[in-house]
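Written out below as structure tokens is the structure these notes cover.
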Amino acid sequence: MKPTVLTVTFNPSLDKTVVLDQLRVGGLNRARQVRLDAGGKGINVAKLLHGFQVPVVAAGVCGGAEGGELTALLQKAGIDVDFVEVAGRTRTNLKIVDHSLQVTTEINEQGAEVNPRELQAVMDRIRANLDNATHLVLGGSLPPGVPTNVYAELIRNAKSRGIITVLDTDGEALKEGLAAAPYAVKPNIHELEQLCGRRLQSDAEIVEAGKQLLAGGVSLLLISMGGKGSIAMNEREALRVTPFPVTVKSTVGAGDSMVAAMVYCLLNGKPLSDIAAFTSAAGTITASKEGTQVSSLSEMLEHVHRVAVAPLQVTY
């Protein structure tokens, strides 16, 4: 079977980015630029993978005129989509870019409720798409009506078919998803601290927390820490990753860029050292761009050598 990635987004969005000369809180603001993008973790990963020349299908739910526009945006970009239409309206997430400060403020809606009949329909559609998938990416928040164990259920179903699973979510959905032992997980440091119930203030503490996830059946762990870099781990080694310096303009999509780069590396059989470097390069390049713009394959390949990767002392 030709490698094909299926991404699932239960809570997609239309991402509206408004660029201002300067954000005046409580005053009149006139936009200098406005753009509309299809958004949501799984969808962002699908867009990136498509740009990386990886066959990908984006599945999930959408609804209303906003859902129609989201689907049209993806189709116009040449991305295969398979959404189940629901009665509610796809949410709109607002990204306000203060150009003078190069700071982005995000306002995310909750998302429309998914009823039991709609949930069953989307689960059936996802399972059908798994027939042609080699990798499954599950990402993002869950809207009202979607239970927190939904990712765990899909992970178990995919694993029974020999499909590589990647999970990127938070809260209870992350905790329950981990119980199903996905192949790879990408928590940020705050999500990992939430799982552990304590602050993690050193690399040694982060690695110890990561070892607990690996002991639970996870094979690949990528812990992102924003400008402080990341730690990549598997059952044999842990690597400290230091990104190259950039002027951060927006962190929107940086984590999704890391997930897409991870999947790209898995598809190409790359070792942990390359996964560490490629994911950091993709996330860093995305953070250097305004709004919802993301790294391209050529940019990632051009700058990956600038990432510093060093082994950490770990006893397994």
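The table for this structure:
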| item | result |
| --- | --- |
| Hits among lysines - C-alpha to C-alpha of LYS95 under 20 Å, sequence gap 8 or more where chains match | LYS16, LYS41, LYS47, LYS249, LYS289 |
| Projected label distance in nm at ASN132 and GLN194, using a 7 Å step from Cα toward the beta-carbon | 3.4 |
| Alpha-carbon centroid distance for the pair the range 269-301 / the range 139-155, whole angstrom | 27 |
| Residue-averaged [θ]222 nm for the chain, counting only DSSP H segments that reach four residues, each worth -39500 (n - 2.57) | -11500 deg cm²/dmol |
| GNM top mover of GLY78, GLY88, GLY39 - the chain, alpha-carbon springs below 10 Å | GLY78 |
| Beta bridges by DSSP in the chain, antiparallel share as percent, to the nearest 5 | 40 |
| Cα-centre dipole for the chain with unit charges at Cβ (Lys and Arg positive, Asp and Glu negative), debye to 20 | 320 |
| Mean Cβ count within 10 Å, highest first, over the residues of peptides 98-105, 219-226, 303-310 | 219-226, 303-310, 98-105 |
| HN-Hα J in Hz across the range 272-284 - Karplus 6.51, -1.76, 1.60, θ = phi - 60°, x for Gly and Pro | 4, 4, 6, 4, 4, 6, 5, 5, 5, 4, 5, x, 5 |
| Stokes-Einstein D for the chain, Kirkwood Rh over Cα pairs, 4 °C, 1.567 mPa s (µm²/s) | 66 |
| The range 113-212 - Rg (one decimal) and Dmax (whole number), Cα, Å | 14.8, 46 |
| The range 138-219 - charge dipole about Cα centre, Lys and Arg +1 at Cβ, Asp and Glu -1, debye rounded to 20 | 300 |
| DSSP-defined beta bridges in the range 1-180 - what % are antiparallel, rounded to 5 | 30 |
| Protection-proxy order for peptides 192-201, 238-247, each taking the mean of Cβ atoms within 10 Å per residue, highest first | 238-247, 192-201 |
| Options PHE278, ALA87, ALA180, ranked by Cα towards positive dipole end of the chain, top entry (Cβ charges) | PHE278 |
| Top positive-direction residue, dipole computed over the range 1-180 with Cβ charges, set VAL150, GLY51, ILE126 | GLY51 |
| Segments 256-263, 10-17 sorted - mean Cβ within 10 Å per residue, highest first | 256-263, 10-17 |
| Electrostatic dipole magnitude of the range 183-316 [Cβ: Lys, Arg +1; Asp, Glu -1; Cα centre; debye, to 20] | 100 |
| GNM result for the chain, Cα springs below 10 Å: residue of LEU297, LEU28, LEU213 fluctuating most strongly | LEU28 |
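No value in this document is a laboratory result; all are computed from the given coordinates. Small disclaimer: the values here were computed from a predicted structure and weren't measured. Quick reminder, even Gly has a Cβ in these numbers, built from the backbone with ideal geometry, and neighbours come from all protein chains shown.
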